[in-house]
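Novice: Let me begin by handing over the structure; questions about it come next.
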């Protein structure tokens, strides 16, 4: 591990330990995409040790042109999910355990078998169950959204916070998954809606992108892994109360925030 990687990982781990946000990494180091993923891998290894956790899957970030523009890139990025990042739908989370969380509406894919390196849309659907979900992005940086760049995002595991997952169901067809209607509510009041085609045209295509990217990094999507496939909307800041998201033909997910 290079000194740069070690230094960045230590800074982010210190933020975890102290619960104090840090300045953007890009202002202190010159980090390209390859190094950013190397930092992420080193961070994940340390977090697994500290939290007695295991890799549970992956999340896909920046699946819209708008979020890619923020980071100055033309493709998504991925983060690594640990067992400690997953919560069941209906649970309560405390702001005291988070930095500056947002709310993202995302369909979850739960793999029933390993994916092959060149998995097609048909293979993804044959080997997956799906679930209504909510991602709670949460970065360790001061005033992080929408001010991050790619180096910041990759180094901090693409702002991974918590992933809310409901009970899985059999997948819809590819065509149906491009036209899932979403509504988001806070304490019963509708605050946003969206459609699944906002996620790279189809969330299945986001999973295909992830699979191909991981293969390039010598990794594999394996049976049991959870994939958070990308947000339907630009994320609002999380507030106290209960968020409920409904997806047509899939179901709903819910999470409550308390101080």
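The values are calculated or read from the model by the stated rules, or taken from the named source; none is laboratory data. Just so it is clear, the structure is predicted and the values come from calculations on it, not from any experiment. FYI the Cβ positions are ideal-geometry reconstructions off the backbone, even for glycines, and counts take in every protein chain you see.
Novice: Has the range 23-40 got at least one residue that is farther than 15 Å from residue 6 by Cβ, surrounded by 17 or more Cβ atoms within 10 Å (Cβ to Cβ), in contact with a strand residue (DSSP E or B) (Cβ under 6 Å, 6 or more places away or on another chain) and touching a residue at least 24 places away in the same chain (Cβ under 8 Å)? Before the answer, list the steps.
Specialist: Keep residues of the range 23-40 that are farther than 15 Å from residue 6 by Cβ, which gives 23-24, 26-27, 30, 32-34, 37.
Next, only the ones that are surrounded by 17 or more Cβ atoms within 10 Å (Cβ to Cβ) stay: 24, 26, 37.
Narrowing the set further to residues that are in contact with a strand residue (DSSP E or B) (Cβ under 6 Å, 6 or more places away or on another chain) leaves 24.
Still in the list and also touching a residue at least 24 places away in the same chain (Cβ under 8 Å): 24.
Checked against the condition, which is being farther than 15 Å from residue 6 by Cβ, surrounded by 17 or more Cβ atoms within 10 Å (Cβ to Cβ), in contact with a strand residue (DSSP E or B) (Cβ under 6 Å, 6 or more places away or on another chain) and touching a residue at least 24 places away in the same chain (Cβ under 8 Å), the range 23-40 yields at least one hit.
Novice: Let me confirm something: among 34, 104, 123, which residue is out of contact with any helix residue (DSSP H, G or I) (no Cβ under 8 Å at 6 or more places or on another chain), modelled with pLDDT of 95 or more and farther than 17 Å from residue 158 by Cα? It would help to see each step written out before you state the result.
Specialist: Values: 34 fails: farther than 17 Å from residue 158 by Cα; 104 fails: farther than 17 Å from residue 158 by Cα.
Only one candidate qualifies: 123.
Novice: Picking from 115, 82, which residue would you name as being closer than 18 Å to residue 225 by Cβ and over 18 Å from the mean Cα position of the chain (by Cα)?
Specialist: Working: 82 fails: over 18 Å from the mean Cα position of the chain (by Cα).
None of the others qualify; the one that does is 115.
Novice: Only one of these conditions is not met by residue 212: (1) more than 16 Å from residue 102 (Cα to Cα); (2) part of a loop (DSSP other than H, G, I, E, B). Which number is it?
Specialist: (2)
Novice: Suppose the filter is surrounded by fewer than 17 Cβ atoms within 10 Å (Cβ to Cβ) and under 27 Å from residue 150 (Cβ atoms); does residue 85 pass it? Don't jump to the end; show me each part of the working.
Specialist: Values: surrounded by fewer than 17 Cβ atoms within 10 Å (Cβ to Cβ): no; under 27 Å from residue 150 (Cβ atoms): yes.
In short, no.
Novice: Still on this model: Answer yes or no: is there a residue in the range 56-67 that is surrounded by 19 or more Cβ atoms within 10 Å (Cβ to Cβ), in contact with a strand residue (DSSP E or B) (Cβ under 9 Å, 6 or more places away or on another chain), in a loop (DSSP other than H, G, I, E, B) and at positive phi.
Specialist: yes
Novice: Could you check how many residues of the range 225-259 are touching a residue at least 60 places away in the same chain (Cβ under 8 Å) and part of a loop (DSSP other than H, G, I, E, B)?
Specialist: Number satisfying all stated conditions: 15.
Novice: Quick check on residue 138: is it in a loop (DSSP other than H, G, I, E, B) and either at negative phi or in contact with a helix residue (DSSP H, G or I) (Cβ under 6 Å, 6 or more places away or on another chain) (or both)? Walk me through it before giving the result.
Specialist: On the way: in a loop (DSSP other than H, G, I, E, B): yes; either at negative phi or in contact with a helix residue (DSSP H, G or I) (Cβ under 6 Å, 6 or more places away or on another chain) (or both): yes.
Judged against the criteria, residue 138 is a match.
Novice: Inspect the range 92-111 for any residue being in a helix (DSSP H, G or I), under 24 Å from residue 142 (Cα atoms) and free of Cβ contacts under 8 Å to residues at least 12 places away in the same chain and give the result as yes or no. Break it down into steps so the answer makes sense when it comes.
Specialist: So in the range 92-111, the residues in a helix (DSSP H, G or I) come out as 95-97.
Right, trim to under 24 Å from residue 142 (Cα atoms) and you get 95-97.
When the remaining residues are screened for being free of Cβ contacts under 8 Å to residues at least 12 places away in the same chain, the result is 97.
Yes, some residue in the range 92-111 is in a helix (DSSP H, G or I), under 24 Å from residue 142 (Cα atoms) and free of Cβ contacts under 8 Å to residues at least 12 places away in the same chain.
Novice: Six or more apart or on different chains, Cβ atoms under 6 Å: show the pairs whose first residue is in the range 180-192 and more than 16 Å from residue 234 (Cβ to Cβ) and whose second is at pLDDT 95 or above and part of a loop (DSSP other than H, G, I, E, B).
Specialist: Filtered contacts from the range 180-192: 180/248; 181/248.
Novice: Determine, yes or no, whether residue 80 is modelled with pLDDT under 95, within 22 Å of residue 133 (Cα to Cα) and crowded, with 16+ Cβ neighbours inside 10 Å.
Specialist: Values: modelled with pLDDT under 95: no; within 22 Å of residue 133 (Cα to Cα): yes; crowded, with 16+ Cβ neighbours inside 10 Å: yes.
Answer is no for this residue.
Novice: Of all residues being in a helix (DSSP H, G or I) and in contact with a strand residue (DSSP E or B) (Cβ under 6 Å, 6 or more places away or on another chain) in the range 191-209, which is surrounded by the most Cβ atoms within 10 Å (Cβ to Cβ)? Just the residue, please. It would help to see each step written out before you state the result.
Specialist: Looking only at the range 191-209, we keep the residues that are in a helix (DSSP H, G or I), and these are 196-198, 203-209.
Then keep just the ones that are in contact with a strand residue (DSSP E or B) (Cβ under 6 Å, 6 or more places away or on another chain); that gives 203, 206-207.
Numbers: 203: 30, 206: 25, 207: 28.
This residue is 203.
Novice: Residue by residue through the range 149-177, note down the ones that are assigned to a loop (DSSP other than H, G, I, E, B) and either on the phi > 0 side of the Ramachandran plot or modelled with pLDDT of 95 or more (or both). If you could, list the steps in order and put the result at the bottom.
Specialist: Looking only at the range 149-177, we keep the residues that are assigned to a loop (DSSP other than H, G, I, E, B), and these are 149, 156, 160-161, 166-168, 170-173.
Of everything in the range 149-177, those that are assigned to a loop (DSSP other than H, G, I, E, B) and either on the phi > 0 side of the Ramachandran plot or modelled with pLDDT of 95 or more (or both) turn out to be 156, 160, 161, 166, 167, 168, 170, 171, 172, 173.
Novice: Restricting attention to the range 160-190, which residues are closer than 25 Å to residue 71 by Cβ and in contact with a strand residue (DSSP E or B) (Cβ under 7 Å, 6 or more places away or on another chain)?
Specialist: Quick first cut of the range 160-190, residues closer than 25 Å to residue 71 by Cβ only: 160-164, 178, 182, 184.
Those that are closer than 25 Å to residue 71 by Cβ and in contact with a strand residue (DSSP E or B) (Cβ under 7 Å, 6 or more places away or on another chain): 160, 161, 162, 163, 164, 182, 184.
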